Amino acid sequence: MPFPATCPHCRREQPVEFADSLIHDLKCPHCGGRFCLFVRKHKFEVLFDLGTQALLGGYAREAVASFAAALERFFEFYVRAATLERAAATGQEFGAAETLLDRTWRHVASQSERQVGMFALAYLLREGREPEFLGSQALGADFRNRVIHRGYLPPRTEVEAYAARVFALIDRLLGELGEGAGHAELAQERAFAAHLANLPDVVVAVFEEHPGMFRARRFGGAGLEGLGPAKSARRPAAPPPTRLNDAQVFGQALRERAPLLDRLKSR
Ligand SMILES: [Zn+2]
């Protein structure tokens, strides 16, 4: 699903497809100017937002694959954040810790069950308790498999219930991670900085933060804003803890944030 990007040279918009790296090397079709667009967002956020857009657009079945992928990528995000946080606490150099993490992740990258195993241990080590929410019932794994692998055509209500469950779990774990999420964000900033360092002078760097269904807990002021024209929109702060059920939490987020997703649609 493309999003509109504004050319920093002529201010005209063009549709851009999300790149897997969230780094987009672009050439404006209107003026020919070159620019590089860095989107400060994580894969799990992009995937969940794509799922939400599909759900709201009437593509309930297609939405399930995006929500399921969002949860898997969130588990990876958690492992990265927790591991880099731990490395920082023990005085390990960030780059060295990240290299070790990348090399370790390669052993689990192609099998999601292995990744869930990594996540379970990361959660235990960080929180000191069992990740009781990992039961397949709680994760909606049976529903996901019926839809994705057996062609089940789910009614929208079932997809909404699944999305609500995934949303509530990610939202809760992001809350528990708190400042710890900043370590995974720093890894993204470093990847952006490495790409930026190799850009020729004619290429203008543009940094964007897109609104989405999840709040971001970004490193305050530790970004690269000073290095290029920034278009930063801070996302709303965390709401106070409530005792809503999953569907209510998701419904509330949909009302508040889905209109923001609309702005991301390419015109
Ligand atoms: Zn242009």
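The values are calculated or read from the model by the stated rules, or taken from the named source; none is laboratory data. This is a predicted model, so every value here is computed, not measured. A quick note on method: Cβ atoms are made from the backbone with ideal geometry, for glycine too, and the neighbour counts reach across all protein chains shown. To get the accessible areas, we keep the full protein, side chains included, count just its heavy atoms, and leave off ligands, DNA and RNA. Shrake-Rupley method; radii C 1.70, N 1.55, O 1.52, S 1.80 Å.
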### Task
Among the residues of the range 1-19, write down those that are within 13 Å of the ligand (Cβ to nearest atom), in a loop (DSSP other than H, G, I, E, B) and either open to solvent by 20 Å² or more (accessible area, probe 1.4 Å) or small (G, A, S) (or both).
P8, H9, C10, R11, R12
### Query
Which one is farthest from F207 (Cα to Cα) among residues in the range 20-41 that are part of a loop (DSSP other than H, G, I, E, B) and touching a residue at least 40 places away in the same chain (Cβ under 8 Å)?
G33
### Message
Cβ contacts < 8 Å: first residue under 16 Å from A70 (Cα atoms) and part of a helix (DSSP H, G or I), restricted to the range 132-144; second residue small (G, A, S) and at pLDDT 90 or above, any location; separation 6+ or different chain. Result?
### Response
L134/A120; R144/A68
### Message
If G128 satisfies all but one of (1) open to solvent by 30 Å² or more (accessible area, probe 1.4 Å); (2) at negative phi, what's the number of the condition it fails?
### Response
(2)
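Here's the yes/no breakdown for (1) touching a Leu at 6+ places or on another chain (Cβ under 6 Å); (2) of a type outside the set (A, V, I, L, M, F, W, C); (3) crowded, with 20+ Cβ neighbours inside 10 Å; (4) under 30 Å from E208 (Cβ atoms):
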{"site": "S136", "(1), (2), (3), (4)": "no, yes, no, no"}
{"site": "G140", "(1), (2), (3), (4)": "no, yes, yes, no"}
{"site": "N145", "(1), (2), (3), (4)": "no, yes, no, no"}
{"site": "T157", "(1), (2), (3), (4)": "no, yes, no, no"}
{"site": "R165", "(1), (2), (3), (4)": "no, yes, yes, yes"}
{"site": "E176", "(1), (2), (3), (4)": "no, yes, no, yes"}
{"site": "E179", "(1), (2), (3), (4)": "no, yes, no, yes"}
### Query
Would you call A54 part of a helix (DSSP H, G or I) and over 18 Å from the mean Cα position of the chain (by Cα)?
no
### Task
Scan the range 181-215 for residues that are open to solvent by 30 Å² or more (accessible area, probe 1.4 Å), assigned to a helix (DSSP H, G or I) and of a type outside the set (A, V, I, L, M, F, W, C) and jot them down.
H183, R190, H195
### Query
Does any residue of the range 148-155 turn out to be of a type in the set (A, V, I, L, M) and either at pLDDT 80 or above or closer than 29 Å to A87 by Cα (or both)?
yes
### Task
Go through the residues of the range 49-72 one by one and say whether even a single one is within 16 Å of the ligand (Cβ to nearest atom) and open to solvent by less than 30 Å² (accessible area, probe 1.4 Å).
no
### Query
Residues of the range 20-32 being modelled with pLDDT of 95 or more, within 26 Å of the chain's Cα centre (by Cα) and either within 13 Å of the ligand (Cβ to nearest atom) or loosely packed, with under 12 Cβ neighbours inside 10 Å (or both), which ones?
L26, K27
### Query
Among the residues of the range 33-43, which ones are away from the ligand (no atom under 14 Å from the Cβ) and either modelled with pLDDT of 95 or more or open to solvent by 30 Å² or more (accessible area, probe 1.4 Å) (or both)?
F38, K43
